[in-house]
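For reference, the structure discussed in these notes is given below.
The values are calculated or read from the model by the stated rules, or taken from the named source; none is laboratory data. Keep in mind the model is a prediction, meaning the values are calculated, not measured. Note: ideal-geometry Cβ built from the backbone for every residue, glycine included; neighbour counts use all protein chains shown. These accessible areas exclude ligands, DNA and RNA; they are computed on the full protein's heavy atoms, side chains included. Shrake-Rupley method; radii C 1.70, N 1.55, O 1.52, S 1.80 Å.
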Amino acid sequence: MKIKFLFILLLINIFYSCNDEKKENSELNKFLTNNFEFNQRILNHNKAKYYNLISDQPSRKNIELEKIDSIFQSLIIEIDNAILNRSGNIKKIKINRDQFLVKIPEIVNNRNEFQISKIESLNSKSNELQLNFIKNEIIIAMSYAFEYNSLITSINESISYFKIDNIEFRKNDNKNVLILSSKYGQRFPENRHIYIKSIKKDNINKQISYNLNDNYSFANIEFNTLEKGNYKINGILKYYERDGEFEIPFEKKFTVK
């Protein structure tokens, strides 16, 4: 069950009905500071689950998630310094915020329930208020990202067995083939499907036809022709059981010479 965050925009509108702007800003900053501390505890909880998971299952390690976490931490330091010193380029911080948030959908496989809703910018002359607002936005997004990436074993421990264990690129009979291996997944062909989300050639999305065939280990993705270049394929293994539908992402980079 997803943890609900205490991020109540309605209270901000209530505070803005006050006549005393100084008191209003003080109350709002106090609310947002307390809210950030609450969200920090949630983030720490989700990070602990993620790192426990990858300790047991190293193949579940998400390098991009950890890179984004580093960006998040740097942005929090930048914001805290701006608040403490009553200085800093708030426009630059907002740009960095937007660049951070745009990376989140891919980390959570575009699952809407693991993304924050589009929030209107806070209309305030107080830089401190705007910065505290931004801190809450990005920490909620970061917490959702860790929650999603630790979700599989937290929902159902058995689902971890159905991951893609290995992806190998080969040329067979003049065809380019990605061989997907799963130690347990091939035992239940009626309960799982593979979806290709995107295929990129030299960092550009391409529409490339392919055939998906079962094999003894799991499945083959066959391409009749591929031009020379560097490729990156993103896909999802969907596994179905009584508790619902589960998505396990996979990715492969390969080069055609």
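In sequence order, the stretch 63-79 has phi-based couplings of 4, 5, 4, 6, 5, 5, 4, 5, 5, 4, 5, 5, 5, 4, 4, 4, 5 Hz under the Karplus curve 6.51 cos²θ - 1.76 cosθ + 1.60, θ = phi - 60°, and Gly or Pro positions carry x. Legend: residue pairs 61/92; 67/94; 47/252; 67/257, Cα-Cα distance threshold 21 Å; pairs beyond threshold, 61/92; 47/252; 67/257. Only protein atoms count toward the accessible area here, which uses a 1.4 Å probe; on the stretch 64-151, the carbon and sulfur part of that area reaches 47 percent. The Rg/Rh ratio of the stretch 67-122, with Rg taken over Cα atoms and Rh as the Kirkwood radius over Cα pairs, comes to 1.02. Sorting the segments 248-256, 170-178 by their residues' average number of neighbouring beta-carbon atoms within 10 angstrom, most packed first, yields 248-256, 170-178.
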